[in-house]
Amino acid sequence: MVYYMKKNLVKKSISILAVFLLGTSLYAKEITLGGKAGWPVFQSSENITKGKGRYGYDCIELATNSFKYDNYTDLLINFENASNLISEGNYDVVSNNMKISKQTIMEKGAGLSRNIGGMKIIGQPGSFFGSEGLMGSFSIEFWLCPSLSENGETIINWESSKNVSGRLIYQLLNCSFSGGRLEWTLSNIFDSYKGKQTHTEVHMKGMKTIIPDTWTYHALSYDCETGVLEYLVNGETEDIKYITSTGNEGGEVGLVVLGRRSEISFCSEYTGKIDDIRILRRPYELPDYQSAETAGKISRMLYAPKGGRFVTKPIVVSTGSILTSIDAETYIPSQTDVCFYVRSGDNYFNWTDSYPKWKPVENHQDLKGISGMYFQLACDIYPDGDGGVSPSVTSIKLNFEELPLPLPPFTVKAVAGNGCVTLSWNYSVDETAGGYYVYYGNRPGEYLGRYAIEGDSPIKAGNVTSFKITGLENGKIYYFAVASWSSRDERIIGPLSREVFARPLDRLQR
């Protein structure tokens, strides 16, 4: 866990202030998350990622709605890892001439094609395009940002052949530009179409011209239950056909039958960018936060409307510490928001998601009633109404006050006796001292004693100035130190006194 704690021992280095509360001197301290020291590992997080915040430090911001792998995902290429382009799926890269571009619609990387061959992959047995025979529903989806949109520029190309009654039938699935729009050709992919059993060819074409240097979202979807083959751009239907024996709704539904395993080419003749290529074993579905009425406006919001959240691990401070404020370095554009919550306690092992209760807090505002040995912070991050802008958090400083450690007695004496040692000291000059612990052991600086009749080290002596330890072995030397506990909370124990020693002997009277 990475936390940046500032403690002021020198006035010029880090600021510690002394204030007074109920007559007890408190010290103001701070812990900083993020900023120069970086962010810790969170206890939990959802829909967030790291970006570049103020002063060049890492910030926490919303993660985009890039595709996530699920049980329906057959292939996912999101270009986030240049050394492993196949993000998910049983496919292998055959060749790759694409580069990674930072000018992306999703996450931090997109594929950049310069019309020099693009990339080729091949499916392993069990994948959609790596298996021969009868297949089910599918959806092929991707984001596209062309530079030219010239006729013949090819986005996807798959060629194969299948055996039909002893004859090899050529198969093709192609997506290319024609007249500034994408056109799909599916040759002999389906076992029947309009009553034909072989040599079935289907063409799908968009209606709207694709504007260069603009990202658009494309999906080719087939539902094997209804026979609906649909091409969508930005979530809006551009072309639709019924792969049935009648070519209309109703009739016998055509099935997808693929031939031998062969390579798939992406962007083989194309100049521009592509991102989040995926193949699903189901038809296209609208995201759960988008309605059919808004599909033509935006295909997928860049950020989920519910936003994101992160929760820190419990941050240990000291017993009785009081959180006074949080100072967060944030960037909050119009319509976006960042909300903070904190909770505290002396033992976090019994904490749950809802206990102790989270308390909403305002940035840069004085806080009251938040104290304990552990602090925990949560942050909700919300995008704008269109899901296109994210706020960010570069750092969060937790300002808190803690009780000073009580000073030990300045002078401690040890007098040996027969199987015992009597310790004596003066009261601590620190008015916050409420009592004393006696530490003992048989090695210098190691107070691990377990043999005195009065108990194991340390022994709670009480608010006294002398204490007798019995049950010790004669002839053996023992080492002792005394520490004060705080009158406000006896769990707050100060530093040890100077060490003293004594050797019990049977000839001694005490």
Report task. Give the residues of region 475-510 that are among the polar types (S, T, N, Q), open to solvent by 30 Å² or more (accessible area, probe 1.4 Å) and either closer than 18 Å to residue 433 by Cβ or at pLDDT 95 or above (or both), sorted by residue number. Result -> 487
Query raised in the report: How many of the residues in region 355-387 are aromatic (Phe, Trp, Tyr), surrounded by 18 or more Cβ atoms within 10 Å (Cβ to Cβ) and assigned to a loop (DSSP other than H, G, I, E, B)?
Result: 0
Query raised in the report: Are any of the residues in region 485-506 in contact with an Asp or Glu (Cβ under 9 Å, 6 or more places away or on another chain), without any contact (Cβ under 8 Å) to a residue 40 or more places away in the chain and not acidic (Asp, Glu)?
Result: no
**Report entry** Any pair with Cβ under 7 angstrom, 6 or more apart, that starts in region 204-226 at a residue that is hydrophobic (A, V, I, L, M, F, W, C) and ends at one that is part of a loop (DSSP other than H, G, I, E, B)
**Finding:** 210/149; 210/180; 215/105; 219/284; 224/136; 224/137; 224/255
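Looking at region 291-303, is at least one residue open to solvent by less than 10 Å² (accessible area, probe 1.4 Å), modelled with pLDDT under 95, over 24 Å from the mean Cα position of the chain (by Cα) and not polar (S, T, N, Q)? Let's see the steps before the verdict.
Kept after step one, since they are open to solvent by less than 10 Å² (accessible area, probe 1.4 Å), are these residues of region 291-303: 295, 299.
Going one step further and asking which of them are modelled with pLDDT under 95, we end up with 295, 299.
Still in the list and also over 24 Å from the mean Cα position of the chain (by Cα): 295, 299.
Now restrict to residues that are not polar (S, T, N, Q): 295.
Checked against the condition, which is being open to solvent by less than 10 Å² (accessible area, probe 1.4 Å), modelled with pLDDT under 95, over 24 Å from the mean Cα position of the chain (by Cα) and not polar (S, T, N, Q), region 291-303 yields at least one hit.
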Query raised in the report: Out of all the residues in region 446-458, is one or more in contact with a Pro (Cβ under 6 Å, 6 or more places away or on another chain), over 13 Å from residue 493 (Cβ atoms) and touching a residue at least 24 places away in the same chain (Cβ under 8 Å)?
Result: no
Query raised in the report: Among 160, 127, 147, which is of a type in the set (S, T, N, Q), open to solvent by less than 10 Å² (accessible area, probe 1.4 Å) and in contact with a Ser or Thr (Cβ under 7 Å, 6 or more places away or on another chain)?
Result: 160
Query raised in the report: Is it true that residue 471 is of a type outside the set (A, V, I, L, M, F, W, C), more than 25 Å from residue 317 (Cβ to Cβ) and touching a residue at least 24 places away in the same chain (Cβ under 8 Å)?
Result: yes
Report summary line: The lone condition residue 196 fails out of (1) surrounded by fewer than 17 Cβ atoms within 10 Å (Cβ to Cβ); (2) modelled with pLDDT of 90 or more is (2)
Requested in this report: Run down 31, 100 and say which single residue is among the β-branched types (Val, Ile, Thr), within 30 Å of residue 216 (Cβ to Cβ) and at pLDDT 85 or above.
Outcome: 100
Query raised in the report: open to solvent by 40 Å² or more (accessible area, probe 1.4 Å), over 30 Å from residue 192 (Cα atoms) and in contact (Cβ under 8 Å) with a residue 60 or more places away in the chain: does that describe residue 115?
Result: yes
Query raised in the report: Quick one: how many residues across region 426-463 are closer than 15 Å to residue 408 by Cα, open to solvent by 50 Å² or more (accessible area, probe 1.4 Å) and either in a loop (DSSP other than H, G, I, E, B) or of a type in the set (Ser, Thr, Tyr) (or both)?
Result: 6
Report task. Looking only at region 35-77, count how many residues are open to solvent by 60 Å² or more (accessible area, probe 1.4 Å), in a loop (DSSP other than H, G, I, E, B) and either farther than 26 Å from residue 389 by Cβ or free of Cβ contacts under 8 Å to residues at least 60 places away in the same chain (or both). Result -> 6
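Applying the selection to region 78-126, what residues are β-branched (Val, Ile, Thr) and either more than 21 Å from residue 51 (Cα to Cα) or in a loop (DSSP other than H, G, I, E, B) (or both)?
Narrowing region 78-126 to residues β-branched (Val, Ile, Thr): 86, 93-94, 100, 104-105, 116, 121-122.
Matches in region 78-126: 86, 93, 94, 104, 105, 116, 121, 122.
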**Report entry** Selected residue (only one of 321, 325 is surrounded by fewer than 19 Cβ atoms within 10 Å (Cβ to Cβ) and assigned to a strand (DSSP E or B))
**Finding:** 325
Query raised in the report: Can you list the strands (runs of 3 or more DSSP E) found entirely within region 206-251 that contain at least 2 residues being of a type in the set (D, E, K, R) and open to solvent by 20 Å² or more (accessible area, probe 1.4 Å)?
Result: 236-242
Report task. Taking only region 88-104 into account, find how many residues are within 27 Å of the chain's Cα centre (by Cα) and either open to solvent by 40 Å² or more (accessible area, probe 1.4 Å) or at positive phi (or both). Result -> 7
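Is it fair to say residue 27 is in a strand (DSSP E or B) and in contact (Cβ under 8 Å) with a residue 12 or more places away in the chain? Don't jump to the end; show me each part of the working.
Details: in a strand (DSSP E or B): yes; in contact (Cβ under 8 Å) with a residue 12 or more places away in the chain: yes.
Here the answer is yes, as residue 27 does meet what is asked.
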Report task. Only one of these is more than 28 Å from residue 150 (Cβ to Cβ) and touching a Phe, Trp or Tyr at 6+ places or on another chain (Cβ under 9 Å): 92, 74. Name it. Result -> 74
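The values are calculated or read from the model by the stated rules, or taken from the named source; none is laboratory data. This structure is a prediction, so every number in the text was calculated from the model and none was measured. Note that each Cβ is placed from the backbone with ideal geometry, even for glycine, and that neighbours are counted across all protein chains shown. Calculation scope for accessible area: heavy atoms of the full protein, side chains included, ligands and nucleic acids excluded. Shrake-Rupley method; radii C 1.70, N 1.55, O 1.52, S 1.80 Å.
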